[in-house]
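The values are calculated or read from the model by the stated rules, or taken from the named source; none is laboratory data. In this text the structure is predicted, and so the values were computed from the model without any measurement. Ideal geometry is used to build each Cβ from the backbone, glycine not excepted, and the neighbour counts take in all protein chains shown. When the accessible area is computed, the model is the full protein with side chains, heavy atoms only, and any ligands, DNA or RNA have been set aside. Shrake-Rupley method; radii C 1.70, N 1.55, O 1.52, S 1.80 Å.
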Amino acid sequence: MSTSPAFTGTPRTAGSSCATLAEERALTRVCRELEDVFREVAEVAAATTALLHGVSLGGRAPVSADLAALRPEFHRRLLAGNLISGLGFIAAPGLLRDVPAWMEWWQTDVRGSIRPLLLDLDPARSAHSDYTHWEWFTRPRDTGQRTVAGPYVDYLCSDEYGLTLSVPVHHEGRFAGVAAADIYLRHLEAAVLPVLRELPGRAHLVNARGRVVGSADPAHLVGALTKGPDFGSVLLAGRPDTQRGFRLVPCRGVPIVLVLAEG
């Protein structure tokens, strides 16, 4: 993905392709919060890839028990006190020899203790067995890019309103699953709302599909869809644009767009 252009202190005009100082200040805060989480997820992906490669060098296919070696990595990151509330690796169907599906997932509870997510993934018994339709799985699989999915109520893990940040994991040239992290939306909002409110206009943040992930605009509530603009094209171009009465400014390297109502 292209990076955003260098910022300018000049006032913006309709259709301006440069971000203003105020926009850059807001985006810097938003990107820093999410980039820190993506960095953790990328390191989990690298550790998973290395584990799978080591198993293959032993001349066999991986099994679910092999993934237990990743648990100290997950626990250490969950105890670090950052935005992350859940972390793990979700295997692509067919990757593991002994089970059709697997989620090596760990999360913190309300007391700060770390516990595993225990789901019945047997397709003959469980409604949760097919996780391959969730956006946090499909977009990294289909695009090869990292993804911000949500906000949504996470009924699988926490019953909290949150986001899932995920990246693809590959093994022997094939998609092997995703590394991902959950963050509670209330924690992200607390971090970014002050800078959104400082902007000279009604502002909100959306993911690549237009789902609102943070808002200082009462007309666009968190979780709602902002319809009309092509947010994917703005992220791909990596520069601000004006569409359908909205000023759209992409985050630098993170699949989030700052949306400001024109007029």
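Side notes on the structure shown:
- Å² of accessible area per residue within the chain, as computed with a 1.4 Å probe and no ligands counted: 46 Å²
- Heavy-atom accessible surface of the chain: percent carbon and sulfur, 1.4 Å: 54 percent
- Gain upon complete extension [Asp109, Leu221; 0.36 nm per residue less C-alpha separation]: 37.6 nm
- Between Gly232, Gly81, Gly214, the GNM of the chain built on Cα springs shorter than 10 angstrom shows Gly81 fluctuating the most.
- Model label sites at Val99 and Arg25, defined 7 Å from Cα along the beta-carbon direction, differ in position by 4.9 nm.
- FRET efficiency for Glu172 and Arg76, using Cβ-Cβ distance with R0 set to 30 Å, rounded to 0.05: 0.65
- Length-normalised contact order of the stretch 144-263 in % [C-alpha pairs under 8 Å, at least 6 apart]: 19 percent
- Entry note, the chain: relative contact order of 21 percent, from Cα contacts under 8 Å with a spacing of 6+ residues.
- Chain lengthening between Ala237 and Asp130 when straightened (0.36 nm per residue, less Cα-Cα): 35.1 nm
- Reciprocal of mean inverse Cα separation for the stretch 43-86 (Kirkwood radius, Å): 11.5 Å
- Of the peptides 191-204, 45-58, 249-262, the order by per-residue mean of other Cβ atoms within 10 Å, starting with the highest, comes out as 249-262, 191-204, 45-58.
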